[in-house]
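What follows is one structure encoded as structure tokens, with my remarks underneath.
Every number in this text was worked out from the coordinates using simple rules, so none of it is lab data. Fair warning: this is a prediction, and the values are worked out from it, not measured in the lab. Note: ideal-geometry Cβ built from the backbone for every residue, glycine included; neighbour counts use all protein chains shown.
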Amino acid sequence: MPKKVTPAENTVNREYKSSIFAMLFHDKRKLLELYNAISRTELTDPDLLKIVTLENAIYMGLKNDLSFIVLEIRLYLYEHQSTPNPNMPLRDLLYVADEFSDLTKDMNLYSSRRIRIPSPHFFVFYNGEEERPDREVLRLSDMYYKKEEDPSLELKAVVLNINKGHNPELMETCRTLREYAEYTDRVRKYAKEAPLEEAVERAITECIREGILKDFLRKNRAEAMKVSIYEYDAQKHIEMEREENYKEGYRAGKDEGYQTGKDDGYRSGQDVGWDKAMRQIIHTMLTKGKTVPQIAEELEMDEGDVRKYAKSR
């Protein structure tokens, strides 16, 4: 269960790197700008937002969550992802359960009087290179073994594609998000033409010169440089591992007799490929000096599963 920590206003927990997205929107003024654009509101006081950071909202070593309460009546969890993740509803359920547990710790849940809690809302901001629609909704019920028409427990996470050229109305309303999309687009474009460090340096220099995230990049240039390289490099590595190992897994699925039908065989092949990819990733992290607990926390896995993958290599 994620453990909540309460940082000082407008600061970022530095135990882990924060993604560029999280660094940008931990500024309450920019977060309010994003909130207004998403919710179609016109709030003007940033202090109406109470930011809460969850210690375990970490993906690939990057903190990428923005959890906050608005006017004490609505709870929002914004998370940035650079790979599609169909498991977000379950992750969000764990996050919000932890938050509600903290919010109600001094309340009497056995009272005959109804207590009040903020209504939760979940958004995922996706900017990976895999083509995705402008907007899609992930449901917790889609993860159930057996589909139910009226599930007793449901959670919906709205995924918004924030790549350049997507969600034009949202981008027009939120300048910071639009400029973030422009910056990441340039990093990717230049990384195809030059070494990554050189590509990031060029993107930062151009953006500052052209007024794109100018103040942020000027103030945080060195850290933005390091984080951008880390984000891009880590993402490309895991994408290459997944692609190659899904192919190998599909072939292995066929060889081992998993293919009982086209769809079943493909899914079984994916499972084999995923296992192979996770073994490779965990082995690489171990050789770099990471401990099992550190790997489990960064990959959001159970320590027992990490040990299983480590031993099966």
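Descriptive notes on the structure:
- Karplus-based coupling profile of region 130-136, in residue order and whole Hz: 6, 5, 9, x, 4, 9, 8, with θ = phi - 60° in 6.51 cos²θ - 1.76 cosθ + 1.60 and x standing for Gly or Pro.
- Per-residue Cβ neighbour rank within 10 angstrom, fewest leading, R116, R40: R40, R116
- Segment M107-R175, length gained on full extension (0.36 nm per residue, minus Cα span): 20.4 nm
- Phi angles of region 282-298 translate, via the Karplus equation with coefficients 6.51, -1.76, 1.60 and θ = phi - 60°, into HN-Hα couplings of 5, 4, 4, 5, 5, 5, 8, x, 6, 8, 4, x, 5, 5, 4, 5, 5 Hz per residue; Gly and Pro are given as x.
- Residue exposure proxy: H80, H283, H166, ordered by other Cβ atoms within 10 angstrom of their Cβ from fewest to most, comes out as H283, H166, H80.
- Stretching L90 away from R307 to a fully extended chain increases their span by 75.8 nm, per 0.36 nm per residue minus the current alpha-carbon distance.
- Distance (nanometres) between label positions extended 7 Å along Cα→Cβ at S39 and I115: 2.2 nm
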